[in-house]
Amino acid sequence: MDELGELVYDFYEYNYSWLWNYTFENDTEEYERPGYFHPLESAAILAISMYALTFVVGAPGNAAVIWVAGFKMKRTVNTVWFLNLAAADLAYCLSLPFQIAHVVLGNRWPDTAALCRLLPCAILLNMAASVFLLTAVSIDRCLAVTLPVWSQRWRTPGRAWACCAGLWALAGLMCLPALLHRRLAPGTSACVADYAGVVRLVEVSRATVAFGLPFLVMAACYLLIGLRVRRAGFGKSRRRPLRLILAVVLAFFVCWLPYHLFGLLQAFGHDGAALRAWDYVTVGLASLNSALNPLLYVFAGRDFRQRARRSLGATLRRALSEEASSQTVRSSRLKSRSSLDYTL
């Protein structure tokens, strides 16, 4: 194999999409494969662009949420959700420069066995935690709208922290396959996933737990919220929150569907060179969700033009505050309306 072929194949082996999707089943497998491309062309450039955009937008956006929710506001259920979600997204965004460097350098960074396991696990932990926390926020908002009396009685910061701890633990379990099966490929510095005969089980479980079920739960929650908004009779003002609801669900679906779809295609034998070449681009698309989260859940939660006149700190404090919990609600209908104002 010529030098360029070795460079590109090493890049191919380590590209970040294979943190979850690549299977290295045969140590004696011939390393020569068709379909090589230069690391800085086509799919690689697109992936780098998405990583860079996510970092530039997501890192300061999530850092601002953490600063306001963690240090400038009274701790409430709402701030607990956003604090944990922003922490997961920020941690992932901060890993993106390392991923970009791997692509640009063609995987010529020397890897150790420890880094081969720990770095992918850290990245996957934060990505999985972000998905699970988004689902928890959706459930909380749905309960605040459909069961306002019960929700205001049982929603406490302590219970929210306990729920977040459980979700982080679940995200940790999702990282176990990478921790157990990651290793350096023989004779190279490429970090690969040796899932052997369990690749289909890993991919199906991951797609179900980290995408299918969360998407169904989020869609159901926001459908119920949308129906409640319509029945509440807010007139033309209801169109804006409904558009926001639709944007939240669509952003999650569009960002994550290609990633899991490509993983399933590879696991079930569709592992052509073209598919592998564009597979890691889907990771870049999934990463964009970490940049969209603070925009969709915080900055777009109120009228943007009105809030643009306020300082960033005041804007975030208003977005993350729980106005409904600070008022005495005298009827179920008033509680329902207050919950709708808070959630949307």
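Looking only at residues that are in contact with a Leu (Cβ under 6 Å, 6 or more places away or on another chain) and among the aromatic types (Phe, Trp, Tyr) in the range 55-89, which one is surrounded by the fewest Cβ atoms within 10 Å (Cβ to Cβ)?
Restricting to residues being in contact with a Leu (Cβ under 6 Å, 6 or more places away or on another chain) and among the aromatic types (Phe, Trp, Tyr), the top hit is PHE55.
Which condition number does TYR92 fail, the rest of (1) out of contact with any Phe, Trp or Tyr (no Cβ under 7 Å at 6 or more places or on another chain); (2) more than 26 Å from LEU173 (Cα to Cα) being met?
Among (1) out of contact with any Phe, Trp or Tyr (no Cβ under 7 Å at 6 or more places or on another chain); (2) more than 26 Å from LEU173 (Cα to Cα), the lone unmet condition for TYR92 is (2).
Might you check whether a residue that is in contact with a strand residue (DSSP E or B) (Cβ under 7 Å, 6 or more places away or on another chain) and surrounded by fewer than 21 Cβ atoms within 10 Å (Cβ to Cβ) occurs anywhere in the range 160-181?
Step one: filter the range 160-181 for residues in contact with a strand residue (DSSP E or B) (Cβ under 7 Å, 6 or more places away or on another chain), giving 178, 181.
Pick out the ones that are also surrounded by fewer than 21 Cβ atoms within 10 Å (Cβ to Cβ) and you get 181.
Yes, that holds for at least one residue.
TYR92 versus (1) surrounded by fewer than 23 Cβ atoms within 10 Å (Cβ to Cβ); (2) at pLDDT 80 or above; (3) among the aromatic types (Phe, Trp, Tyr): which is the lone unmet condition?
Of the numbered conditions (1) surrounded by fewer than 23 Cβ atoms within 10 Å (Cβ to Cβ); (2) at pLDDT 80 or above; (3) among the aromatic types (Phe, Trp, Tyr), the odd one out for TYR92 is (1).
Within the range 132-158, track down each residue that is among the small types (Gly, Ala, Ser) and surrounded by 16 or more Cβ atoms within 10 Å (Cβ to Cβ). Step through it out loud before you land on a result.
To start, the set of residues in the range 132-158 that are among the small types (Gly, Ala, Ser) comprises 136, 138, 144, 151, 158.
Matches in the range 132-158: ALA136, SER138, ALA144, SER151.
Identify, from the list GLY212, GLY172, the residue that is in contact with a helix residue (DSSP H, G or I) (Cβ under 9 Å, 6 or more places away or on another chain) and under 24 Å from ALA247 (Cα atoms).
Testing whether each residue is in contact with a helix residue (DSSP H, G or I) (Cβ under 9 Å, 6 or more places away or on another chain) and under 24 Å from ALA247 (Cα atoms) leaves just GLY212.
Among the candidates TYR12, TYR51, TYR36, TYR22, which residue alone is at pLDDT 55 or above and crowded, with 16+ Cβ neighbours inside 10 Å? If you could, list the steps in order and put the result at the bottom.
Numbers: TYR12 fails: at pLDDT 55 or above; TYR36 fails: at pLDDT 55 or above; TYR22 fails: at pLDDT 55 or above.
Every option except TYR51 fails the conditions.
What number goes with the only condition from (1) within 30 Å of VAL229 (Cα to Cα); (2) at pLDDT below 70; (3) not basic (Lys, Arg) that VAL249 does not pass?
(2)
Within the range 193-221, count every residue that is buried (at least 16 other Cβ atoms within 10 Å of the Cβ) and in contact (Cβ under 8 Å) with a residue 60 or more places away in the chain.
Adding up the residues that qualify gives 14.
The values are calculated or read from the model by the stated rules, or taken from the named source; none is laboratory data. Bear in mind that the values here come from a model prediction, so they are computed numbers and not experimental data. Reconstructed Cβ throughout: ideal geometry from the backbone, glycine too, with neighbour counts over all protein chains shown.
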